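Here's the structure we're looking at; comments come further down.
The values are calculated or read from the model by the stated rules, or taken from the named source; none is laboratory data. Please read these numbers as outputs of a predicted model, since none were measured by experiment. Here the Cβ positions follow ideal geometry from the backbone for every residue, glycine too, while neighbour counts run over all protein chains shown.
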Amino acid sequence: MKNPPNISNSHFHAVDENELFAAKSSIHKPRILLLYGSLRKNSYSRRVIEESEKILQAMGADCAIYDPTDLPLPDTDENHPKVKELQELVQWSEGQVWCSPERHGSATGIMKAQIDWIPLSIGAIRPTQGKTLAVMQVCGGSQSFNTVNQLRVLGRWMRMITIPNQSSVPRVYQEFDANGRMKPSSYYDRIVDVLEELMKFTLLTRDKSTYLTDRYSERVNRSK
């Protein structure tokens, strides 16, 4: 069957199943970057991220938690060491976890500032495209999903593979013991579910992300 008349035949490719299902397998541990959205001394989003790091490490991941302390406001000092640190960690990562408190019905400015400092491209590299993402939120009161919904929009905008599962922890101040560890609960179990799914998606896609994000329109534009 002939291609539609507006299709550029030289740039239009059928799905290559040999490429898509090629038996490529990196041997290094999945590299996961974890971001949190509060600078409070007793930050529960940070505690959830620290708990997530322990779970991910038990699953075999190599983890890095970024501390947003001293990160400047977006569009100010792009050469600031904290900006460079964040951007280098983003490029290093193969998957990410974002956890923010809900403030005024949305993610915090601290969370958004980190995301805003991640450009869609650094030189010829798109630092987030094709990487996996898990989203979480913590709530001071009853359970809400405003923040995870907003983080999903941001993740898609950053061209990330945002996994279906998510976590929202209500009355989060009740969920940690005196040592700062999360108590056993259905909310803890849900976090384990989310991180397990993130690991599976990361392992499935990290060696194929270049092919998965190879687009017809971009092939056409590169030829002009």
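The set of residues in the range 82-105 that are more than 17 Å from the chain's Cα centre (by Cα), surrounded by 15 or more Cβ atoms within 10 Å (Cβ to Cβ) and closer than 16 Å to residue 151 by Cβ comprises 102, 103.
A count restricted to the range 194-224 and to residues that are part of a helix (DSSP H, G or I), modelled with pLDDT under 90 and among the hydroxyl-bearing types (Ser, Thr, Tyr) stands at 5. Here residue 154 passes the criteria (1) surrounded by fewer than 16 Cβ atoms within 10 Å (Cβ to Cβ); (2) within 14 Å of the chain's Cα centre (by Cα) except the one numbered (1).
For (1) in a loop (DSSP other than H, G, I, E, B); (2) acidic (Asp, Glu); (3) modelled with pLDDT under 95; (4) within 23 Å of residue 198 (Cβ to Cβ), each residue gets a yes or a no:
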position: 22; (1), (2), (3), (4): yes, no, yes, yes
position: 29; (1), (2), (3), (4): yes, no, no, yes
position: 47; (1), (2), (3), (4): no, no, no, yes
position: 72; (1), (2), (3), (4): yes, no, no, no
position: 101; (1), (2), (3), (4): no, no, no, yes
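Of note, residue 36 satisfies the criterion of being of a type in the set (Ser, Thr, Tyr), touching a residue at least 12 places away in the same chain (Cβ under 8 Å) and in contact with a Cys (Cβ under 8 Å, 6 or more places away or on another chain). Checking the range 162-184 against the condition returns a match, with at least one residue being of a type in the set (Phe, Trp, Tyr) and more than 29 Å from residue 29 (Cβ to Cβ).
Go through the range 39-56 and give me each residue that's touching a residue at least 60 places away in the same chain (Cβ under 8 Å) and over 17 Å from the mean Cα position of the chain (by Cα). Within the range 39-56, 39, 44, 47 qualify. Look at the range 125-143: where a residue is under 15 Å from residue 35 (Cα atoms) and in a loop (DSSP other than H, G, I, E, B) and a partner is modelled with pLDDT of 90 or more and among the polar types (S, T, N, Q), sitting 6+ places away or on another chain with Cβ atoms under 7 Å, you get 131/93; 131/96. Specify the residue that is surrounded by the most Cβ atoms within 10 Å (Cβ to Cβ); the eligible residues are those in the range 1-22 that are closer than 15 Å to residue 219 by Cα and either acidic (Asp, Glu) or under 31 Å from the mean Cα position of the chain (by Cα) (or both). Only one residue tops the list, namely 11.
For every residue, the table says whether it meets (1) in contact with a helix residue (DSSP H, G or I) (Cβ under 8 Å, 6 or more places away or on another chain); (2) free of Cβ contacts under 8 Å to residues at least 24 places away in the same chain; (3) hydrophobic (A, V, I, L, M, F, W, C).
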site: 59; (1), (2), (3): yes, no, yes
site: 62; (1), (2), (3): no, no, no
site: 79; (1), (2), (3): no, yes, no
site: 82; (1), (2), (3): no, yes, no
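Tell me which of these residue 38 doesn't satisfy, since it passes every other one: (1) part of a loop (DSSP other than H, G, I, E, B); (2) small (Gly, Ala, Ser); (3) touching a Leu at 6+ places or on another chain (Cβ under 6 Å). Looking at each condition in turn, residue 38 falls short on (3).
Output the residues belonging to the range 107-143 that are farther than 30 Å from residue 218 by Cβ and surrounded by fewer than 16 Cβ atoms within 10 Å (Cβ to Cβ).
Of the range 107-143, the ones farther than 30 Å from residue 218 by Cβ are 108-110, 136-143.
Matches in the range 107-143: 109, 140, 141, 142, 143.
In the range 154-177, the residues that are part of a loop (DSSP other than H, G, I, E, B) reach residues that are among the basic types (Lys, Arg) with C-beta atoms within less than 8 angstrom, at least six apart or across chains, in these pairs: 159/126; 160/131; 175/183; 177/183.
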